[in-house]
Amino acid sequence: MKPESTIISPVYFPFTVIDPSLLEALSRCFDRVVLYRPVGSPPVQGLQPGSDRFLEVRVPFEDVIDKETLVGELQQWKTWGLMSQDADMAYLKGVGGQIAPADPLIPKIASEIKASGPTVGKARKTFRDGDFAPQLFLHLAQDYDDRSLELQEHLDRFKLQEQALQDFFRIDRVEESEIPIPGAALMDSDTDPGGFMIENRMSAWNHLFQKDHDTSAILLTDSPVAHAWLLEAAQERLEPLKRATPCTGQSQKKAPWKPCLEELLGALLTTAWSDQLRQKVELAGPEIDEMITAWDASVDPPGDRTSRIRWAVVPGLAPCRLLQERCGLTAGSEHGGCAKNSIIGLIL
């Protein structure tokens, strides 16, 4: 039986900020995408009109966390960071250490920050709050990601303007390789923000996911580091498709492989792992690959660049349990309301 499309609920991880261009690409693949955010986050910036109907923003712990205390803590951190050289990074690492599963990753830094940082007395109380520390860390990481995304957008615009200027003044006998591109070495456009404190990011983000997730959630990321980190400890990992699936526009002719892919993903989400399901995956995968190959050859114009998703499956392990175990946690890893198998997509 073919599942309804609404059964598939892609969840973007491990960030609480999403690039509007990425969101636009994903809107060609899915009916909605879920983005988790910490309590007290400002509205998502840069969205196109109508994106609010596609992007579902979830704020777990909104009725649990003292928003006034959290905002006050963040504001005092910003003031302290302006007065103390490198204090912002030390504080971020210190807060990250507080959400480690067992002992703090960097107890010395955390101890120093609690002793000398802002709101000493209040910090000692709230840092021990298992719900507060991940919220604070996610806010700091969110601010870091927002600034990084804004910087990257400025650099991308600069490169486009620089290239247009070079094209305008280019002389036929001058080789393109001889023309320097100012600022090209400042930041690689493929820089992966997941490479920054990935373990802390995943632990804090997992805290939100465990609080509020759908029965059939697919995990999606555009971070190769986060994708590899999550799958690193999986005892078994399948890649049912050799081809990455394109995100196709609704204006294009309906891709023949999409219903088959939806049926396969739906079966993986709702069916307990078995030899029968494995056989279904092994048969369906090559068929979908052939359909994608034929579809690619028919795309007009040929080779049209589009976002694609590479799929991985962890059989017999629900995403809630996979995340808990990967973050070094066991409490709460066994509960209902979760997919039967984990599906993790890497957006290329």
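Just a few scattered comments:
- Cβ-Cβ distance of D192 and T306, R₀ of 22 Å, FRET efficiency by 1/(1 + (r/R0)^6): the value works out to about 0.60.
- For GluC sites (Glu not before Pro), the sites in region 198-252 that DSSP calls loop and that have at most 16 other Cβ atoms within 10 Å are E232, E236.
- Nonlocal amide H pairs with S9, under 5 Å, H built at 1.01 Å: I218
- Table column - 3J(HN,Hα) (Hz), region 280-293, Karplus curve with 6.51, -1.76, 1.60, x for Gly and Pro: 4, 5, 5, 7, 6, x, x, 5, 5, 4, 5, 5, 5, 4
- Residues listed by number, region 306-329, amide nitrogen under 12 Å from R28 label point at 7 Å toward C-beta: 306-309
- Ranked by how many other beta carbons lie within 10 Å on average, peptides 269-280, 316-327 from highest: 316-327, 269-280
Just so you know, all these numbers are worked out from the coordinates, no wet-lab data involved. Note that the structure is a prediction, hence the values are computed from the model and not measured. Cβ sites come from the backbone with ideal geometry, for glycine too, and all protein chains shown count toward neighbours.
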